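Engineer: Right, I'll just put the structure down here and ask away after.
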Amino acid sequence: MCSKHKTQLYKELATRFRKVANQTLHTDSPDLPECFQLSVLSWLPCVYLWFACPPYIFYLQRNNKGYIMMSILNRVKTVFGLVLWIVCWTDLFGTFHELQQGDTKPPIYFVTPLVVGMTMLLALFLIQFERLSGVQSSGILFIFWFLSVLCAIVPFRSKILQAKYQSEISDKLRFTTFYFYFSLIVAELILSCFNEKPPLFSNIDTDPNPCPQSTAGFLSTMTFWWFTSMAIKGYKNPLEAKDLWSLNKRDSSEVVVPKLLREWEVEQAKAHSAEDQSTQALYSKPLPEGESNHVGGESSPEEVEVLLSKTKDPKKPSFLRSLIKAFGPYFLIGSAFKLLQDLITFVNPQLLKLLISFTKQKGAPTWWGYTLAFLMFFAAFLQTLILHQHFQYCFVTGMRLRTSIIGAIYRKSLIITNAAKRTSTVGEIVNLMSVDAQRFMDLTTFLNMLWSAPLQIILALYFLWQNLGPSVLAGVAVMILLIPLNAAIAVKTRVYQVEQMQYKDARIKLMNEILNGIKVLKLYAWESSFKDKVLEIRQKELNVLRKTAYLGALSTMAWTSAPFLVALTTFAVYVTVDKNNILDAEKAFVSLSLFNILRFPLNMLPQVISSIIQASVSLKRIQDFLSHDELDPESVDRNNTATDGSVTVVNGKFTWAKQHPSTLHNINLMVPQGSLLAVVGHVGCGKSSLVSALLGEMEKMEGDISIRGSVAYVPQQAWIQNATLRDNILFGKAYNEQKYRCCLEACALTQDLEVLPGGDLTEIGEKGINLSGGQRQRVSLARALYHEADVYLLDDPLSAVDAHVAKHIFDHVIGPEGALQGKTRILVTHGISFLPQVDNIVVMVEGRVSEMGSYQELLKQNGAFAEFLRNYSLEDIIEEDEATEALIDEEDFPDDALSNHTDMVDNEPVVNEAKRQFIRQISIISGDLENPKSRSVRKRLCSERKHAESDPEKKLPKVDKLIQAETAETGRVKSKVFWEYAKAVGPLLSLVICFLYGCQSAAAIGANVWLSQWTNDAAQNVTQENVSMRVGVYAALGFAQGVLLLANCLLSKAYSMLRAAKLMHLYMLQGVLRAPQGFFESTPTGRVLNRFSKDVDIIDSHIPDNIDIWMRTFWHTVNVLIVCSALTPLFLLVVVPLMVFYWWVQRFYVATSRQLKRLESVSRSPIYSHFSETVTGSSVIRAYGRHNAFVLMSDMKVDENQKSYYPGIVSNRWLGVRIEFIGNCIVLFAALFAVIGKDKLNPGLVGLSVSYALLVTMSLNWMVRMTSDLESNIVAVERVKEYSETKTEAPWEVEDKKPSSDWPSQGNVEFRDYSVRYREGLELVLKNLTLSVKGGEKIGIVGRTGAGKSSMTLCLFRLLEAAGGEITIDGVKISEIGLHDLRSKLTIIPQEPVLFSGSLRMNLDPFEKYSDGEVWKALELSHLNKFVSNQPAKLELECSEGGENLSVGQRQLVCLARALLRKTRILILDEATAAIDLETDDLIQSTIRTQFEDCTVFTIAHRLNTIMDYTRVLVLDKGQIAEFDTPTNLLFQRGIFYGMAKDAGLAQ
């Protein structure tokens, strides 16, 4: 009975179900049963809201932004919510009322109104709760209202249908309440699209240009609509920096960097504690017998070290872990979006399956087709929105990573020890910031693919298995076989990349040195030697790039053919395994679309893995850098009060690096408060090291240092920032007019300011390039003086200035009567004349203090010091006494004699077409008053004007920039640039390449059209006969595609584009090396280096990739449109408007994004130039305690850069959403037209057109992206080209004017009416000089700073070209011969010794013209042979960057050795004796006297005693010859020279 009952029940259910199915599916006007409407449809939104609520409320409590005032919008929403609740409960009470009437309803009529009513109350609560938490627009509620409306549409329609079919409405109450309900939820949905006002007290009000994202609504956020305003602005006019939005607070350095540093400190602390435990364990182990060589078996520290190295390395702090802790949580939100998107991806192939089966059924109702088409569209659209949210999260994480890494590296670079600094050059650290931080940023975008790709692969395989069964395994096997191939390629590529990075590093390092020492290269005519060195490295780099390109071509081919090979094997196996397996359209095209989904994760995985490997290398580099030893802030005791000395060193032993032998040993010093201590000694005896030790810059091995009070430091080589002169002196202190003027007076800078074009507001170029050596030193001194510290460490500040200026500075600043009296001063000096006036003298010999005491005591002791003095300055001392009696005041000098010109050694004073420029600047400033920053500039100018007018001589400061801002090109990239690139590639080749891409694409289409023909066989049952033919042709077409692709890649990437890269770099290098000296003075090195690293890199590797992808996607898109239009000609109607919209969006995007990229790259170089400046000046920054201020400056520069990067990311998202919308429309119309024309089309063609349309989104997106990338990257071609076309100096060699090989044989030099200026539109520096010098004469050139002494030498070398007149040497006019012919025949010992990194041998003789014997001879004569032969490497001694590992004096001697090697007839000495102690100086002078006896020598002298025995002395004044005669006659004439001699104590 029971079973009978059951069967009856089943039958009843089945009939009922058939009835429902007939009512819903198989009818032309479908409807859903009322029970379903009331239960599922009504509960769906409610369930969603109740589940979403708790986590959302928790989130809001954590992120409260402050409350929002009640607004009309909010009130309306609340009222509607209340009414909704009332409406629902009216339903409920209605049901109760009916119950009383005796009309019992099913329970659903009670439950549903109750549930919906409660949910409305929850929504009401959320509306208010969000207002109090400061949410301006709610996503959660928007989705809720949207779902509610969606679910209510069905009952909305069915109630109308019921009313239509029945004469009167049966259930009037529910009919009415429902329509009330419906209109209210639609109203709520519309209202929730609008935004509330921002919360009270938010920083939106204070920000001049806030980012609209923070106030954007939910819809606007999802579609990135808030970016549109910038896209429009960027389309109308090119964007400028002032149009950019401020950075969101949460992305700024001040939030992001500390976050990472906190985590990193935790990591370091962990590692240290682990390390301490392991070392404790070691030390406590008793030593095994036989290891102890001391009584009692104590191990020496060396042994412990050996033991330590045997044990495993201590645990390193993990930088990765700190990154994950700091930025992981935010990134995970993006990952959640990615997961959703992956799942939705697989909806469309299932819908495609249904669509194809729909076209097969003849009698199916058409609404099925339309529903499927719209479902496809909706699924695709949802996928778009979610995908771009995911990208947004990833990119923002990447941006924060970059900010924080740069911040961390910058902070670290300020405190690493000198030993650590030696291990990594400035260039390498800048690379960490630029390249490695960038790698992390790029990685975050793909990181989710690590888990998402396997997930997609698994899902795709599952659906494929359902579709084709086990045959899928054949396809999978092919994929798996391809993986090791690609892995091998990836590993190899990785190796090549590391190699290429090394070459690139080496090349940039060399370029950096070339640019820093360009003046020396020009003076020595060494450019071609260095050019060859660069090109040699470049050639190696290109060879590696070529290998990479071969591998790239292989892997591209493997990946592009992969989906095809998989499809081929799968289909072939499927039809051959079993006679009954028939390949029909459904199976083929659904499988194809699944294979296409597979293609992306398979493509990405190896990329992600290689990108992870790259990032891991970067991670290690950054981690190593951040783990370097830091200077011990405690090594100098700053707050000691115990001793009475202001500076005390007890038993000090110091070294530059822990593992090196000590540089200074048993140093004992006690400097009383307020005394002046002089430190003297030979070159390289450790004087500067002593100062460094006092600053805490050296490793303290034993002993104690204490310094009482603050410190000011003047380094031996002045460190000048790229800022105004005033900022360089103030160095962060507040401006105090009177104190400032006193500092300038004391440091003898007042006169220099009169000459500088902008007074003290003149901008100083990088490394102080437009100041002379003496001025730089005085600015550095003025900075120290202005700082009013307690202890002054002065490292030979007087060496770079003239004798009388030195005297002035000593008297007014350093000496017993100077501005610093009463302060503790430690002065390293070579000037003997000042020693009698100091309190104490320390004599250093080979790193220890040999004697110490006052001047008189040391003379009495009769030790080394006395000996030293006796030799040098007996006459000095006597004269000194007399001079003091005469007490020469400055006023005694004839005033005009000491011309008030600035020294123009290696500077051109800055342009003076001033009025126009200045008026323009003022007008710009008043033009943008809305910008508060510029207002302050204006105020500043006014205040300056006030005190300018009070002083009648001073004119209004003409603010003029030496360094012109780097121009960001604006507007469209000119087609000329593309043509330039095509020319470099080869015009014919370019055409061939385009044609090949077309062919490859055609082959791909052919294969798919063939497949659709093949599936149609299934319908006609003619399968078995021609299976092999079908498979064969399909395979042939596919392989043709692969081969064409390979040929193309090899042709374009490995051959033609590399050739273009090679030529472009070559031309740029030539252009830069041929540029005149002026170019380097007005262009910061960083900018030129940027072209050689970043832009060359783009041409090497980015542009070829861009072109490749662009060509492929372009042809692919064209194909899709052709196929769809051919099948359903109606499609053309839709394509046209869609393409117009596409073109329109793309123009908006490209205009904006290109400009954003340009702004980004322009704002990037200041980060690096500020950084390299900081690294070189870190000791000064630390000494003055300006550490934090510089960190802030760096952060500001990084934020400024991210300000243009962030809109750049968003512009990509904005574009993506819009372009993919077009793609989704194409899918929609392809499906719709397939439904409309279903009778005419066979299933194969429907499958073909829709599966093609599903692919188009991707390629449209890539195409715009690549167009834009190409446009942004092709700018590199333009920038490289700009430098290859710079104005060049005269030719290096002029064939028909070549002088004879032994020229100049006599060495006669003649100036005829010679004038010169630094730049067009400037004053003459030398005016009408006429003089002639016989061969072999020795000429001393003297004159006040800025009289034009150095300019004369530059004229001889033609670094400055004549403005009038001429110079002849041995009867040859130097202006007619080639520059190299001229320069290689003159020798100069320049003012600043420049060494290049490389062997010492290379520094002396880069062309390898001379034998080793000759080189040793030169070293012997320049007194370096002892030093060099003591080195293990002898001549191959590696000089570090800039010769850092030699002392300044030794570098000077190396320059002397260069001169001795060249031994030309004419020698020029430019203040070469400045940084050397007297003994060495004497050696040099005697060497020059003996070795260059028969040569013509010009000496620019600071110390007059060096030129007292010269043939003649030339006194220059204001660029004219004031006196020219023998020294004796000049003294006799009592003119300018006599005054100078008297000042130096050489004349009575």
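The values are calculated or read from the model by the stated rules, or taken from the named source; none is laboratory data. A quick note: this is a predicted structure, and the numbers were derived from the prediction, not measured. Virtual Cβ from ideal backbone geometry, glycine too; neighbours counted across all protein chains shown. What goes into the accessible areas is simple: the full protein's heavy atoms, side chains included, and nothing from ligands, DNA or RNA. Shrake-Rupley method; radii C 1.70, N 1.55, O 1.52, S 1.80 Å.
Engineer: Which condition does K1238 not pass, out of (1) open to solvent by 30 Å² or more (accessible area, probe 1.4 Å); (2) at pLDDT below 80; (3) assigned to a loop (DSSP other than H, G, I, E, B), if it passes all the others?
Structural biologist: Condition (1) is where K1238 drops out.
Engineer: Since S799 meets every condition but one in (1) of a type in the set (S, T, N, Q); (2) open to solvent by less than 10 Å² (accessible area, probe 1.4 Å); (3) over 26 Å from T648 (Cβ atoms), which condition does it not meet?
Structural biologist: (2) is the only condition that S799 fails.
Engineer: Tell me, which residue of the stretch 1305-1322 that is in a loop (DSSP other than H, G, I, E, B) and modelled with pLDDT of 80 or more is surrounded by the fewest Cβ atoms within 10 Å (Cβ to Cβ)?
Structural biologist: My answer is S1305.
Engineer: From the residues in the stretch 124-170 that are of a type in the set (S, T, Y) and open to solvent by 40 Å² or more (accessible area, probe 1.4 Å), which one is nearest to T90 (Cα to Cα)?
Structural biologist: S170
Engineer: Further question on the same structure: Residues that are open to solvent by less than 30 Å² (accessible area, probe 1.4 Å) and over 30 Å from F1092 (Cβ atoms): find the helices (runs of 4 or more DSSP H) completely inside the stretch 431-539 holding 2 or more of those.
Structural biologist: Passing ranges, in order: 449-468, 472-516.
Engineer: Only one of these is among the hydrophobic types (A, V, I, L, M, F, W, C), closer than 27 Å to T425 by Cβ and either crowded, with 21+ Cβ neighbours inside 10 Å or touching a Gly at 6+ places or on another chain (Cβ under 9 Å) (or both): F1427, F1407. Name it.
Structural biologist: F1427
Engineer: Among the listed residues T1387, T1368, T1345, T1353, which satisfies the condition of being under 28 Å from L515 (Cβ atoms), at pLDDT 85 or above and open to solvent by less than 40 Å² (accessible area, probe 1.4 Å)?
Structural biologist: Just a single option satisfies the conditions, and that option is T1387.
Engineer: Follow-up. In the stretch 1305-1350, how many residues are of a type in the set (V, I, T) and farther than 20 Å from M1508 by Cα?
Structural biologist: Counting residues in the stretch 1305-1350 that are of a type in the set (V, I, T) and farther than 20 Å from M1508 by Cα gives 4.
Engineer: Consider P199 against the criteria (1) of a type outside the set (D, E); (2) open to solvent by less than 30 Å² (accessible area, probe 1.4 Å); (3) in a helix (DSSP H, G or I); (4) over 28 Å from E1160 (Cα atoms): it satisfies all of them except one. Which criterion is unmet?
Structural biologist: Only one criterion in (1) of a type outside the set (D, E); (2) open to solvent by less than 30 Å² (accessible area, probe 1.4 Å); (3) in a helix (DSSP H, G or I); (4) over 28 Å from E1160 (Cα atoms) is unmet by P199, namely (3).
Engineer: Return the residue satisfying two criteria in turn: it lies in the stretch 68-86 and is out of contact with any Pro (no Cβ under 8 Å at 6 or more places or on another chain) and open to solvent by less than 20 Å² (accessible area, probe 1.4 Å), and of such residues it is nearest to C193 (Cα to Cα).
Structural biologist: N74
Engineer: Restrict the check to the stretch 1465-1485 and report whether at least one residue is within 17 Å of T1345 (Cβ to Cβ), modelled with pLDDT of 80 or more and either in a strand (DSSP E or B) or among the polar types (S, T, N, Q) (or both).
Structural biologist: Checked the stretch 1465-1485: no residue is within 17 Å of T1345 (Cβ to Cβ), modelled with pLDDT of 80 or more and either in a strand (DSSP E or B) or among the polar types (S, T, N, Q) (or both).
Engineer: Same structure, new question: Could you grab me the full set of residues in the stretch 29-75 that are under 25 Å from Y370 (Cα atoms) and free of Cβ contacts under 8 Å to residues at least 60 places away in the same chain?
Structural biologist: The answer is P33, F36, V40.
Engineer: Restricting the search to the stretch 824-841, which residues are within 47 Å of the chain's Cα centre (by Cα) and under 12 Å from L677 (Cβ atoms)?
Structural biologist: If the condition is that a residue be within 47 Å of the chain's Cα centre (by Cα) and under 12 Å from L677 (Cβ atoms), then T824, R825, I826, L827, V828, T829 are the ones that fit.
Engineer: Could you check the stretch 696-727 and list, in sequence order, the residues that are open to solvent by 20 Å² or more (accessible area, probe 1.4 Å) and more than 32 Å from the chain's Cα centre (by Cα)?
Structural biologist: E699, K700, M701, E702, G703, D704, R708, G709, S710
Engineer: Something else: List the number of the failed condition for M1139; all other conditions in (1) part of a helix (DSSP H, G or I); (2) farther than 23 Å from G1216 by Cα; (3) of a type outside the set (S, T, N, Q) hold.
Structural biologist: The failed condition is (2).
Engineer: What residue, among those in the stretch 1170-1217 that are touching a Lys or Arg at 6+ places or on another chain (Cβ under 7 Å) and at pLDDT 90 or above, is surrounded by the fewest Cβ atoms within 10 Å (Cβ to Cβ)?
Structural biologist: Taking the candidates together, the pick is V1191.
Engineer: Please name all residue pairs, on different chains or six or more residues apart, with Cβ atoms under 8 Å, provided the first residue is in the stretch 1383-1409 and is closer than 15 Å to E1438 by Cα and the second residue is among the polar types (S, T, N, Q) and buried (at least 19 other Cβ atoms within 10 Å of the Cβ).
Structural biologist: L1395/N1403; F1396/N1403
Engineer: Further question on the same structure: Quick one: would you say S299 is open to solvent by less than 50 Å² (accessible area, probe 1.4 Å) and either modelled with pLDDT under 85 or under 24 Å from N1224 (Cβ atoms) (or both)?
Structural biologist: Yes.
Engineer: What are the pairs with Cβ atoms under 6 angstrom where one residue, in the stretch 382-395, is within 9 Å of Q341 (Cβ to Cβ) and the other, located anywhere, is at pLDDT 90 or above and among the polar types (S, T, N, Q)? Sequence gap at least six, or different chains.
Structural biologist: Q383/Q341; I386/Q341; L387/Q341
Engineer: So, one more: Taking into account only those residues within the stretch 675-705 that are in contact with a strand residue (DSSP E or B) (Cβ under 6 Å, 6 or more places away or on another chain) and in a loop (DSSP other than H, G, I, E, B), which is farthest from F868 (Cα to Cα)?
Structural biologist: Here the answer is G696.
Engineer: Given the conditions (1) under 34 Å from the mean Cα position of the chain (by Cα); (2) surrounded by fewer than 21 Cβ atoms within 10 Å (Cβ to Cβ), report the number of the one that C742 does not fulfil.
Structural biologist: It fails just one condition, (1).
Engineer: Determine the pairs where a residue that is under 15 Å from L594 (Cβ atoms) and free of Cβ contacts under 8 Å to residues at least 40 places away in the same chain, located within the stretch 350-373, has a partner that is part of a helix (DSSP H, G or I) and of a type in the set (A, V, I, L, M) with Cβ atoms under 8 Å apart, the partner being 6 or more residues away or on another chain.
Structural biologist: Cβ pairs passing all conditions: L351/L372; L351/L375; L351/M376; L351/A379; L354/L372.
Engineer: Out of the stretch 1371-1384, which residues are over 20 Å from L1460 (Cβ atoms) and open to solvent by 10 Å² or more (accessible area, probe 1.4 Å)?
Structural biologist: Matches in the stretch 1371-1384: G1371, V1372, K1373, S1375, E1376, H1380, D1381.
Engineer: Among the hydroxyl-bearing types (S, T, Y), crowded, with 17+ Cβ neighbours inside 10 Å and part of a helix (DSSP H, G or I): does that describe S214?
Structural biologist: Judged against the criteria, S214 is a match.
Engineer: Output the number of the condition that L173 fails; it satisfies all remaining conditions of (1) surrounded by 16 or more Cβ atoms within 10 Å (Cβ to Cβ); (2) closer than 30 Å to M120 by Cβ.
Structural biologist: L173 satisfies every listed condition except (1).
Engineer: Of the residues S471, S528, only one is in contact (Cβ under 8 Å) with a residue 24 or more places away in the chain and closer than 29 Å to E1173 by Cα; which?
Structural biologist: S528
Engineer: Now a separate question. Can you pull out every residue in the stretch 51-67 that is in a helix (DSSP H, G or I) and exposed (fewer than 14 other Cβ atoms within 10 Å of the Cβ)?
Structural biologist: If the condition is that a residue be in a helix (DSSP H, G or I) and exposed (fewer than 14 other Cβ atoms within 10 Å of the Cβ), then F51, P54, P55, F58, Y59, Q61, R62 are the ones that fit.
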